Structure formats: structure tokens, C-alpha cells
Amino acid sequence: MAQNSFDQLSKQYLEEFLAPIGTVQRQYEIPGEAKFVDVWFVPNPEVIQTEDLGLLGRIVQTPCLLEPYRNLPTRTEVRVAVMKLIWIQEDERRKAQQDTLSETALPQLWILAATTSKPLLEESGGVIKFDWMPGVYFIPDIFKTAIVAIDQLPETEETLWLRILGRDATQERAIREVLSLPSSHP
């Protein structure tokens with residue numbers, strides 16, 4: 001399990017933002033063979049206010065795995081992330097002692113990619129859904145997975161907390177936006 005500064009920063013960052021609204025487990029171990037999800041998040045049903053987090057708040061409305069990438073994720077990294085999701089879904093089904101859980105009860109995988117490529121998005125079958133903004137690509141529904149192309153997100157307050165996880169100019173502009181927020185901003 002390789003450690004790098006972006007990996008540590010992204011996990012700490014997501015934990016800080018999400019802890020007040022649910023349960024965050026960093027380095028959540030996948031049952032069976034030792035595999036780890038970067039961030040496994042289960043929202044607290046008693047905390048419903050996530051509007052201040054914009055798109056990130058919308059993403060974490062349901063249980064989810066968050067896999068941030070500073071560089072373009074490879075095909076293998078996407079497949080491994082999906083495999084982790086399937087392991088977690090199976091573990092959740094086992095814990096519930098049911099052969100099937102409703103689709104809404106199963107966690108969603110969000111690949112948070114600082115950058116993506118057209119070939120990767122095409123190969124994964126990524127499409128933008130009409131009720132989501134540009135830069136959020138959904139892989140076929142059976143996989144309950146989406147790739148967030150951080151560098152393609154509109155530069156709005158709604159995307160700010162995800163653009164912090166971008167790179168280069170995208171991240172620099174987001175940091176400037178955060179620094180210019182009024183002290184009264186939530």
C-alpha cells in the first residue's frame with residue numbers, strides 16, 4: 001500500500017469535511033484478502049444538512065466509497081476500485097443476512113480524478129446524466145460507479161470542495177476561492 005502526500009491529504013481532507021455529517025472510516029479494510037478503500041463513508045441519517053458541501057454533499061447522501069486520484073487513473077485502477085466496491089456490497093449483503101439488498105441500500109463508488117482522458121471515459125462507458133453537472137460521468141448503472149473529472153467541473157461554489165482535490169491550476173484557483181471566502185462562511 002503506497003503512501004504519498006496527495007493520498008494522505010485527500011483522505012484527511014475528506015474525513016474532516018464528512019465527519020460532522022456521518023461515519024468516516026479511512027483505510028477501511030475489505031473483508032477477505034487485504035484490500036483497502038481510501039474512504040468508506042456512511043451518512044448519519046440524523047444529519048441531513050449537506051448543502052454547504054455543494055456537489056460533495058450531494059455525492060455523500062448515501063453510503064459510498066471515495067477513491068481520489070491525483071493523476072489520471074489507469075484502467076487497472078478503475079477495475080480495482082470497482083472490485084473493492086463489489087467486495088463491500090457483498091459484505092453489506094452478508095451482514096444484512098439477505099441474499100439481496102435494495103439497490104438504494106448498496107454503496108456507490110465515486111472515483112475522484114483530478115484529471116481524466118477521453119479514452120478512459122469511453123472505455124468505461126462513462127456518460128453525463130441530465131440531472132448531474134458536466135464532469136460527472138456515470139459508468140453503466142449495474143456497477144454503481146461514477147468518475148468525477150475534477151478538472152472538467154464548472155468553477156462554481158457548488159464544486160469548490162471537490163476542486164480542492166484537483167491539481168495544478170484547477171487546485172490553485174480553488175484554494176484562492178477558499179481563501180477569499182468570508183469568515184462567516186460555514
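Computed values, structure above
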item: Residue in the stretch 153-169 that is surrounded by 18 or more Cβ atoms within 10 Å (Cβ to Cβ), within 17 Å of Ala81 (Cα to Cα) and without any contact (Cβ under 8 Å) to a residue 60 or more places away in the chain present; result: no
item: Lone unmet requirement of (1) at positive phi; (2) touching a strand residue (DSSP E or B) at 6+ places or on another chain (Cβ under 8 Å); (3) of a type in the set (Gly, Ala, Ser) for Gly125; result: (2)
item: Breaking point among (1) closer than 19 Å to Gln8 by Cα; (2) assigned to a loop (DSSP other than H, G, I, E, B); (3) free of Cβ contacts under 8 Å to residues at least 60 places away in the same chain, for Leu181; result: (1)
item: Qualifying positions in the stretch 102-125 - more than 15 Å from the chain's Cα centre (by Cα) and more than 17 Å from Pro63 (Cβ to Cβ); result: Ser117, Lys118, Pro119, Leu120, Leu121, Glu122, Glu123, Ser124, Gly125
item: Hits in the stretch 92-131 - residues which are closer than 23 Å to Gln171 by Cα and among the aromatic types (Phe, Trp, Tyr); result: Trp110
item: Residue in the stretch 58-69 that is in contact (Cβ under 8 Å) with a residue 60 or more places away in the chain and crowded, with 19+ Cβ neighbours inside 10 Å present; result: yes
item: Test result for Ile88, more than 11 Å from the chain's Cα centre (by Cα), β-branched (Val, Ile, Thr) and under 12 Å from Pro107 (Cβ atoms); result: yes
item: Neighbours by Cβ (under 8 Å, 6+ apart or cross-chain): first from the stretch 110-123, among the β-branched types (Val, Ile, Thr); second assigned to a helix (DSSP H, G or I); result: Ile111/Val78; Ile111/Ala81; Thr115/Ile150; Thr115/Asp151; Thr116/Asp151; Thr116/Gln152
item: Subset of the stretch 140-176 that is modelled with pLDDT under 95 and of a type in the set (Val, Ile, Thr) - its residue that is nearest to Leu65 (Cα to Cα); result: Ile142
item: Search result, residues across the stretch 121-144 that are surrounded by fewer than 16 Cβ atoms within 10 Å (Cβ to Cβ) and of a type in the set (D, E, K, R); result: Glu122, Glu123, Lys129, Asp131, Asp141
item: Search result, residues across the stretch 147-173 that are among the hydrophobic types (A, V, I, L, M, F, W, C) and under 21 Å from Ile128 (Cβ atoms); result: Ile147, Val148, Ala149, Ile150, Leu153, Leu160, Trp161, Leu162, Leu165
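Per-residue answers, yes or no, for (1) in contact with an Asp or Glu (Cβ under 7 Å, 6 or more places away or on another chain); (2) assigned to a helix (DSSP H, G or I):
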residue: Glu158; (1), (2): no, yes
residue: Leu162; (1), (2): no, yes
residue: Leu165; (1), (2): no, no
residue: Ala174; (1), (2): no, yes
residue: Pro186; (1), (2): yes, no
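The values are calculated or read from the model by the stated rules, or taken from the named source; none is laboratory data. Values in this document were obtained by computation on a predicted structure and should not be read as measured data. With ideal geometry, Cβ positions are generated from the backbone for all residues, glycine too; neighbour counts draw on all protein chains shown.
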